Structure formats: structure tokens, C-alpha cells
1. Of all residues being buried (at least 16 other Cβ atoms within 10 Å of the Cβ) and assigned to a helix (DSSP H, G or I) in segment 519-534, which is nearest to the chain's Cα centre (by Cα)? Just the residue, please.
2. So if I check each of ASN135, ASN146, which one is part of a helix (DSSP H, G or I), out of contact with any Gly (no Cβ under 8 Å at 6 or more places or on another chain) and of a type in the set (S, T, N, Q)?
3. When you scan segment 535-552, how many residues do you find that are open to solvent by 90 Å² or more (accessible area, probe 1.4 Å) and assigned to a helix (DSSP H, G or I)?
4. Filter segment 177-207 for residues that are assigned to a loop (DSSP other than H, G, I, E, B) and open to solvent by 50 Å² or more (accessible area, probe 1.4 Å) and give the result.
5. Find the residue count for segment 316-340, including only residues that are buried (at least 21 other Cβ atoms within 10 Å of the Cβ) and not in a helix (DSSP H, G or I).
6. Which of the residues belonging to segment 243-296 are in contact with a strand residue (DSSP E or B) (Cβ under 8 Å, 6 or more places away or on another chain), farther than 23 Å from ALA524 by Cβ and in a helix (DSSP H, G or I)?
7. Is it true that some residue in segment 419-429 is at pLDDT below 90, more than 28 Å from PRO69 (Cβ to Cβ) and surrounded by fewer than 19 Cβ atoms within 10 Å (Cβ to Cβ)?
8. Given (1) closer than 30 Å to ALA503 by Cβ; (2) open to solvent by less than 50 Å² (accessible area, probe 1.4 Å); (3) in a loop (DSSP other than H, G, I, E, B), identify the lone condition not met by GLY301.
Amino acid sequence: MSKFAKIMSLVLAAIMMLSLLAGCGGKGGTVGGNSNGLEVDPATLSFPLAETATIKGLTNFPAGTESEPNNRTIFKRLEEQTNVHVEWKTIQSDQWGEKIALEMSNAKTLPDFVFNAGFGDTDLLKYAKQGVIINLEEYIEKYMPNLCKVFEQAPEYKAMCTDEDGHIWALPWIEQLGYEKTAIQTVGNMSFINTAWLEYLDLEMPTTVDEFEAVLIAFRDNAADLKAHFGIEGDIIPMSFIMNDGDQDPCILINGFGEGYGDPDRGRHIAVTDDKEVICVANSEGFKEGIAWLHELYAEGLIDPEAFTQEWSTYVAKGKSGRYGVCFSWDIANIASLDGWAPLPALTADVRNITPQNGSFTSGFDRGRCVVTAAAENPALVCAWLDQMYAPIQSPQNNWGTYGENDDFDIFVMGTNDQGEPMLQHAPLGDASPVEVREAESVNGPLAILDSYYGVYVTCPDDAQYRLDWIKDIYTPDMNTKYVFPNVFMSTEDTKKISDLQADISKCINTAKANWVMNGFTDADWDKLQSDLDAYGLKEYLSIHQKYLDAYYG
């Protein structure tokens, strides 16, 4: 261990000890049971513990990465700094959805906490009602000073974590990058265009739907020249995407049609008008016109035929082979290369507009990231350990990766800020995929990174910075919508009702969208979609959302 690393270890240990002793306005007394014979008392608990304690956790890991969390540098350091050993049970991320419900159904075999839960509101309230998870507000107050400080600096997040009865059932993931219309989450499914192909064919960046269509036609008609000049193996694909797959969906292209809403919320298919009215975008004339236009592109052979069925691995492989003219994702570096690509600006049809994603004005937020189960023998110790994830120098590592690893790359190097204090500095990623690099080092889970941390505890990651610049320079000027639907914690009844209604409504819309882009549709098809949505309870669905929007703006 380097001299600086040893100093950092001592500094972090001291911070943990002082924060635990200080608490956050907590009361005296013992909370929770025993774990390995250790009694948890707020007057004496401090890290590192005098004796090793063991707690049990459940988490997930991306396929192809380290499956044992304790082999990851981040958890190795945390065990050294706290003297808390975690016995982990792990599930591969792509199997999490189908297996976690089974795990939560057997209270007798549950661990103390679920670290990377990602539970939705329905899950949280269901497990709370069943007594499977415990409410955390008292533990937060007594044993989680780092999280308390986050809530003090940004009280909106505490409000977003609290249900209508005043309970907090889970620990959040918070990632602030930008704010309101400049937040990094305002646009998820960015459209990227191959500027190397544009330059070679002497084409301008398109700004209207007609210009865009002409560019795709040029890509198609000059496929042989493009393949020869750029040494491409495989067919040229003017445009590819993964329909109805979050950031890989192409519907940012249709924001310019009709009223200009597009389909910014691929899960709920709702938007908020400037009159603070919640609407379903699939009722709008712009959605109808935009989908009809996408079908025209498909009929002209400008869209990848596999775009409706392909998986992420296939999508990326074709992108890495240099075959795309236009594609969609959070970051082009995940699919192709930063060089020779650029974000496609908003396309004008009837209007020019980019509708921000719902919930994006409060930046990145996951209410149900981590839960403590009723099986926890010592919930106070568990919460005290989980609070270390919210230390300002720790959260960025959990989110992105760490420093000082004995491998080919590091996300960070440990440096100092302007005050000479420790600061994580992002290392260059080179040609490596940001997703793959971070998946190899990060642990995710509950954490908080506030805008105020940048330049103090951590630098802004390069790929986030250029994305923030893209949003601010290319998309924010065309964000004419005043409101997005906020992050609200609905009641148990409303959450269940919304979940039930959304399952049918979303499936109905997504099925129609994919079918119509491929095969086209008639006015009778459109009318049937509207009647089907009514039959599935769309009016009630919108009215529940409207109730919470009205309450939010009070």
C-alpha cells in the first residue's frame, strides 16, 4: 500500500468513527438485536469495530464480471475500514427480475439486507405490508449521519423517499449531474449520427425530418462506396435501434410531429402539458403522425429489420463493426466510437421540441435501491455499515469504480482538491467502453453524489461531462416543455392500481408501436388503439397521476 493510500485509509476510518459518534440528532438507547455477540449502542459504536462482526447481504452482478463481491476492491477496503464482514449471496443481473421475487417470498432465508434491490414502489409497499422489510427513518436518524447530511443538503430527496404515512422503506441511489433542463437524465435515448459518413458523402447535419430522411437514403444508396472506403464487413444499415427498449428506442425522432411530445417515457407513456395536465402521448396526433413517418422509413429499407427483435449484444456487435449510420443509446461510446459520431439535434416537423424524460429534473434517483429485511438480527449495525456508502468519498467509487487496483485500468486516481484534501480524479477511459469498465469495478447499491461534490470530493466523469455538454448545447435550447412528471411516492392502493393499469396500457401501446412501424396502420387501427386504451382504464390511469401532480405543485 502506498504512503498516500495508508493516509487515506486512516482518514476514512477517522471520518467513520467521528460520524458514528456524532450521529444526526439521534436519541440514546439500543436499537436492534445482537449480531455475533455485539450490542449496538449509539454511545459506543464506531468503526472499525473492536471485534469482527458479520452481516448478510444479497446483491447482483453483471454477467461476465466478478461474481463474489468480497473480491472487489471496494468491499475489501470497506471491510478493513469497518471490521464488518459481509456474507454475500449473489444473482446474475440478467436473472435478477425473475429470482428476487422468489428470494423475498421466504422470510426465513432472507439476508439482513438487499443491497442492489432496485425495487419499485409496488414492491416496497407490498413487502412493507407483509412485514418482510422494516421502516428505516429511526435508524437513519440515529445511525446514518452521512445520509442525514445528504437529506439536509437536498431535502427534496428525503421527501421523495417518504411515503404518505411518514415511513422510509428503502435507501436511495442519488446521482446529480446537471439540474432541471440541463440534467443528464433529461434525454436518455439520444440519437447519434455517423458524421464520418456525412463528411465522406458531403452531406450536412439534418435539422428537419425531410433532411434526415434524405440522409438515410444517401447512406442506403451509397452503401457500396461506404463499405469500400471505410473497410466495413457486413451490410450497411442506415438506422438501427431496439424498439421499446428504453434508451435504445427511436421515438426521440418524432418529437417534432403534432403537439411535439414524442414518447419520452417509454414505461408509462405519459407527459405533462404546460397547463399541468397529465396526458397519454399515444392519444396525441403527433404520436400518430410520427409513427406513420417511421413506417415510411422502414418501408424504404432505411431501418434495420432486426431492430424489433435484436438483443443488446447483437445491437452492439453490429455497431462496433461500423455498420450504422444512425443509432440510439445513452452514450455512443457503448455502441461505436466517439470519433466520427455526434448527437442528432431535434428534428423539425410541425414543431421543434425535445420533451425531457419524466422525473429527470431532480436528476438520477432510485427510491428502492436498498432495503433492510425483518430477518436482520442487528438492523442498527446494518444501517451503520450501509451509511458508509453515503460518505462523499465513497459514493462515487460505488457508482463508477475505484482506484489502486492491480489490473489494466482504474476509474480513478486519488489526488487532492484545491484545498489539498483527498479527491477522486477520473482517469482516462481510452478506447474502453464506459459501461464495461464500470461494471468491472463498481458495486452500485445505495449512494448519493450531489452536484456540490464535483471539484471537492470527485471530478465529473469525462463521459458524463461531454454528455452534459451535449444536452446543454444541443438539446436544452429545444426543451420547450415547462414540466415533467415528478418522482412521487404514491399510496399502496394507488401504486397497485397504477401498476395493474400500466401493465396492460404499456403493452398495448408498445405492441401497436412496433407493429405499426413495421407494417403501417389505418385510421381504423388508430381508433381501435384508442378504444383499447379506454377499455384498459386509461382515464383512471391518468386521473391518478393527475392527483399526485396537483398535490406536488400544491
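The values are calculated or read from the model by the stated rules, or taken from the named source; none is laboratory data. Note that the structure is a prediction, hence the values are computed from the model and not measured. For neighbour counting, all protein chains shown are included, and Cβ atoms are generated from backbone atoms with ideal geometry for every residue, glycine included. Just the protein is used for accessible areas: all its heavy atoms, side chains included, with ligands, DNA and RNA removed. Shrake-Rupley method; radii C 1.70, N 1.55, O 1.52, S 1.80 Å.
1. It comes out as LEU533.
2. ASN146
3. 3
4. TYR179, ASP202, LEU203, GLU204, MET205, THR207
5. So the answer is 9.
6. ASP247, GLN248, ILE252, LEU253, GLY256
7. Looking for residues that are at pLDDT below 90, more than 28 Å from PRO69 (Cβ to Cβ) and surrounded by fewer than 19 Cβ atoms within 10 Å (Cβ to Cβ), one finds none in segment 419-429, hence no.
8. Failing condition for GLY301: (1).
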